[in-house]
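A.B. asks: Before I ask anything, let me first share the structure, which is written out below as structure tokens.
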Amino acid sequence: MNEVVKSLIEFLGLFVIIFIVYKLIYRRKKDFSKLKDSDEVRIFVLRYNLDIRKIDYKKLLTVLALINAFIIAFTATIIVRIESIAWSIIVCLLIVLALIFSLFNIAGRYFKSHEKEIVVEEKIEEVIKETRKKKTKKKEGKK
């Protein structure tokens, strides 16, 4: 039982440290256009066919940080207990692949089902386009 508690404390400590590091990295990138262009977000959005305009960025970044912190902390906690290098590499690959496919799939389905309908933003874009067209037509008419 003592070994289980020790492993749990190691896992929680690693998880918190890695999560804080991820949040600090994401916080430094204050411009959301840079975050949209990051490979991790782009692959996640393309894989699950998500509309970027309908997703809450802060929520997406928090979920990605949680998933990555969990994968790294869980894998490290398990791998430390294995003595053989060959077995630790095999187990590490299996754990990482299983967690990546399962957790990102769950998160992708969650965000797909909770996409917001942003009608107001689309209306604003349409009004801006129409006013630009009218201004160009007026300028052409004056010439």
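A.B. asks: Are any of the pairs 58/133; 59/133; 23/112 more than 30 Å apart by Cα-Cα distance, and if so, which? It would help to have the intermediate numbers written out before the result.
C.D. replies: Values: 58/133 35 Å; 59/133 36 Å; 23/112 23 Å.
Too far apart for the 30 Å limit: 58/133; 59/133.
A.B. asks: Taking the Cβ of each residue in 7, 102, 113 as the centre, tally the other Cβ atoms inside 10 Å and list the residues starting with the fewest. Please report the intermediate quantities before stating the final value.
C.D. replies: Working: 7 14, 102 11, 113 7.
Listing 7, 102, 113 from fewest to most nearby Cβ atoms yields 113, 102, 7.
A.B. asks: Determine the gain in length on full extension of the stretch residue 16-residue 130; use 0.36 nm per residue of separation and subtract their C-alpha separation, reporting nm with one decimal.
C.D. replies: Numbers: separation 114, 0.36 × 114 = 41.04 nm, distance 4.96 nm.
Between residue 16 and residue 130, full extension yields 36.1 nm more.
A.B. asks: For region 2-116, evaluate the Debye formula with one uniform point scatterer on each Cα (no solvent term) and list log10 I(q)/I(0) at q = 0.09, 0.21 Å⁻¹, rounded to two decimals.
C.D. replies: -0.29, -1.17
A.B. asks: Right, another one. For the pair residue 8/residue 93, report the inter-label distance in nm, with labels modelled 7 Å from Cα in the Cβ direction.
C.D. replies: 3.3
A.B. asks: A further question on this structure: Roughly what would the spin-label model give for residue 101 and residue 76, points 7 Å off Cα along C-beta, in nm?
C.D. replies: Here the answer is 2.6 nm between the modelled labels.
A.B. asks: Treat each spin label as a single point 7 Å out from the Cα along the C-beta direction, and report the residue 112 to residue 85 distance in nm.
C.D. replies: 4.2
Read-outs throughout are calculated quantities, based only on the coordinates presented, and are distinct from any laboratory measurement. Model, not experiment: these values are computed from the prediction. Here Cβ is always computed from backbone atoms with ideal geometry, including for glycine, and neighbour counts include all displayed protein chains.
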